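Asks: Quick one: the structure is below, questions incoming.
The values are calculated or read from the model by the stated rules, or taken from the named source; none is laboratory data. Please read these numbers as outputs of a predicted model, since none were measured by experiment. All Cβ positions, glycine included, derive from the backbone under ideal geometry; neighbour counts span all protein chains shown. Side chains are part of the model used for accessible areas, which takes the heavy atoms of the whole protein and leaves out ligands, DNA and RNA. Shrake-Rupley method; radii C 1.70, N 1.55, O 1.52, S 1.80 Å.
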Amino acid sequence: MRRQRDGLRKEKIIMLSASLFVLSALTMTGVYVKEKNESENDGYVVDLSAIEKQASDKAEAVKQAKEQAEEQAMQSGDLDNDPSYQEVNSGKVSNLAEDSIQIPGVGNVQINQNKESAPMQNAARSDQAADETEPEGKTDNEAVESSATTESLVTYQFDDAGTLQWPIVGNVLLNYSMDKTTYFASLDVYKYNPALIIAATVGEPITAAAEGEISSIYTDEEIGGAVSMNLGDGYELTYGQLDNIQVGTGQNVHVGDIIGYVAKPSKYYSVEGSNVYFKLTQDGKAVNPLNRLQ
């Protein structure tokens, strides 16, 4: 009986010891797991107050940067009258050139210094250069227009006392003849002749016989290349059998200026040979140029 009680006591002691061991082991395991979880979560704690403070610091830095930019712009001009400044303050997007400043904790902050864009600067420089280089008085175009206007305003006079210079030195092959017909060998006909036909050599220069304005340049089957010149007072000179004409319509010419060069004769003057066709008219009616030649 006593042995039985001793055996029960030993079993109780063993069970109690085992229970205490298991409890201690569980307690130690729980403490270890808790400490481990806390150490792992240390890097993931979100501090909202720090984020708010950082955002506030950046907003304050941006505000200071804007005030600094406005102060710099005030030193270079009046912002109230600057359209670019008004656009920035009204919230509109501006394409003006920007610079940046370094702010600790924020980084680069773009600031507007109210500079003109590159195209506007180039345009301003071009206008300024044009103003600096343009001479006082008339521009080139104005000078050309003024010259043309001056030429067109020239009034030539060729009255009954007006004289002519010979357009070329040579013998008269056919005289002016409007009161009776004259014989044309190339055509083998008799007909009236409203001009002087002056012998010449191909390539010789033909000069202006008087001052006047070139009224027309054309080609005629009978007289070949031709130039008509207004002398004033209804008088007009016509030069024929021309090549390599040197004048232009509307041009003012003076006595002795080259009108053109002698061409090969047309078929109407193939027998007579190379020549200068020289005709004078008054109000469209042919007159004898020989009476005016000196």
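Asks: Within the bounds of the stretch 284-292, is there any residue that is within 41 Å of the chain's Cα centre (by Cα), within 23 Å of residue 163 (Cβ to Cβ) and in a loop (DSSP other than H, G, I, E, B)?
Replies: No, the stretch 284-292 contains no residue that is within 41 Å of the chain's Cα centre (by Cα), within 23 Å of residue 163 (Cβ to Cβ) and in a loop (DSSP other than H, G, I, E, B).
Asks: Still on this structure, please answer the following. Working carefully through the options 149, 181, find the one that is open to solvent by less than 80 Å² (accessible area, probe 1.4 Å), of a type outside the set (A, V, I, L, M, F, W, C), outside any loop (DSSP other than H, G, I, E, B) and modelled with pLDDT of 85 or more.
Replies: Of 149, 181, the one residue that is open to solvent by less than 80 Å² (accessible area, probe 1.4 Å), of a type outside the set (A, V, I, L, M, F, W, C), outside any loop (DSSP other than H, G, I, E, B) and modelled with pLDDT of 85 or more is 181.
Asks: Can you pull out every residue in the stretch 192-223 that is under 44 Å from the mean Cα position of the chain (by Cα), within 16 Å of residue 277 (Cβ to Cβ) and not aromatic (Phe, Trp, Tyr)?
Replies: Hits for the stretch 192-223 are 205, 206, 207, 208, 216, 217, 219, 220.
Asks: Any chance you could count how many residues in the stretch 177-212 are of a type in the set (Val, Ile, Thr) and within 30 Å of residue 156 (Cα to Cα)?
Replies: 4
Asks: Among the strands (runs of 3 or more DSSP E) lying completely within the stretch 184-274, list those that include at least 1 residues that are open to solvent by 50 Å² or more (accessible area, probe 1.4 Å).
Replies: Those strands (runs of 3 or more DSSP E) span 189-193, 205-207, 212-220, 224-232, 235-243, 258-262.
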